[in-house]
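J.: If you scroll down you'll find the structure; I have some questions about it.
Please treat every number below as a calculation from the coordinates, not as lab data. The shown structure was predicted, so the numbers you read here are calculated from the model rather than taken from an experiment. No Cβ is skipped: glycine too gets one built from the backbone with ideal geometry, and neighbour counts run over all protein chains shown.
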Amino acid sequence: MIANPTAGRGSRRELLSTLRIQMATLGESEFRETSFAGQEEAIAAEALASGAQTIVAIGGDGTCSGIANAILRSGSPCGLAVVPAGTGNDFAKTLGVERYSPEQVADLVVRGHATQIDVGLANGNYFLNSCGFGFDASVLEASNRVRFLKGDAVYIYSALGQLFTYRGIEVSATGVPGLKRGPMLMVTVSNGHSLGGAFKIAPHASVLDGKLDACFFSDSNVVERVKLFVGAMRGTHIGMPSVTTASVQQLALTFPSSPLMEIDGELRLARSRTVELQCMPRALSVLAAPGALV
């Protein structure tokens with residue numbers, strides 16, 4: 001069990017004090033807490049080297065992603081379970097456990113009915129839920145400065161502010177037929193269906209179909225941006241004239257310079273101005289709520 005005590009902006013610290021006892025039903029297990037960003041991947045690598053069969057991530061999307069990267073790089077069949085304790089908990093929503101208690105997650109682990117799911121790969125980094133450019137990355141950067149809100153409200157507040165100030169991006173894509181050239185507000189490449197907790201950015205995405213759902217938002221005036229914002233919260237932006245979607249196994253995005261990108265709720269600078277993305281079918285074993293993965 002790997003816990004991030006700062007997940008959800010520290011709002012779930014009280015949860016950790018009782019988890020050691022509640023998760024004791026798992027039998028032989030070890031509980032570790034991270035002390036700095038990214039440490040979850042190193043701890044997971046140690047656990048895998050010691051023969052761990054299941055790792056329980058207690059945190060948000062970033063914690064889950066770091067652990068998943070360790071599992072995938074090791075080639076281990078180790079399963080991943082999630083106790084949601086982050087801000088958006090998008091991956092927990094995909095697994096259907098966003099409202100699960102630690103006891104319910106422990107029961108999933110004990111039952112051990114794992115499912116193999118797809119993961120994304122972006123310039124050598126695996127992602128579970130999403131990879132975003134432009135407005136998405138800018139909102140994440142702005143949200144890191146918001147300290148007076150928690151949960152989905154953080155992203156909603158940050159996105160509203162960026163609607164009026166963000167200047168858009170230039171990007172070209174290969175692997176997406178019919179895409180019009182021009183300035184973009186945002187590009188998202190999704191494995192899961194939600195983004196930032198509150199946005200149904202890829203409502204038709206599946207982690208079982210061997211494809212990633214790419215969504216290109218052409219830039220426009222503020223009125224159109226507001227319409228896109230509302231549509232993305234409802235999942236009704238699909239089909240709007242300024243939105244182009246594609247279900248792809250792989251694609252390449254090229255920018256004027258190395259872009260900032262959001263990967264599973266974490267901000268990264270791309271290694272080059274071209275970002276290669278692809279789907280890795282059924283690459284990771286997870287423990288999900290019954291009926292959640294269809």
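J.: Nearest 10 degrees, 0 to 90: what angle lies between the long axis of helix 13-22 and the longest principal axis of the chain (Cα atoms)?
T.: Approximately 40 degrees, to the nearest 10.
J.: Which angle from 0 to 90°, rounded to the nearest 10, does the C-alpha axis of helix 61-74 make with the longest principal axis of the chain?
T.: Compared with the principal axis, the helix lies near 70 degrees.
J.: Let me check against my output: what whole-number percent is the relative contact order of the chain, with C-alpha pairs under 8 Å and at least 6 apart?
T.: Taking the mean separation of contacting Cα pairs over the length of the chain, I get 22 percent.
J.: Helix 152-163 versus the longest principal axis of the chain: what angle, 0 to 90°, nearest 10, using Cα atoms?
T.: So the inclination is approximately 20 degrees.
J.: Can I ask one more? In percent, how large is the relative contact order of segment 96-199, given Cα pairs closer than 8 Å and 6 or more residues apart?
T.: RCO, segment 96-199: 33 percent.
J.: For the chain, take the convex hull of the Cα atoms, compute a quarter of its surface area, and give me that in nm², please.
T.: Average projection, Cα convex hull of the chain: 14.0 nm².
J.: Under a GNM of the chain (C-alpha, springs under 10 Å), which listed residue has the highest mean-square fluctuation: K150, K227, K200?
T.: K227
J.: Can you tell me the dipole magnitude for the chain around its Cα centre, using point charges on the Cβ only (Lys, Arg +1; Asp, Glu -1), in Debye to the nearest 20?
T.: Dipole size: approximately 620 debye.
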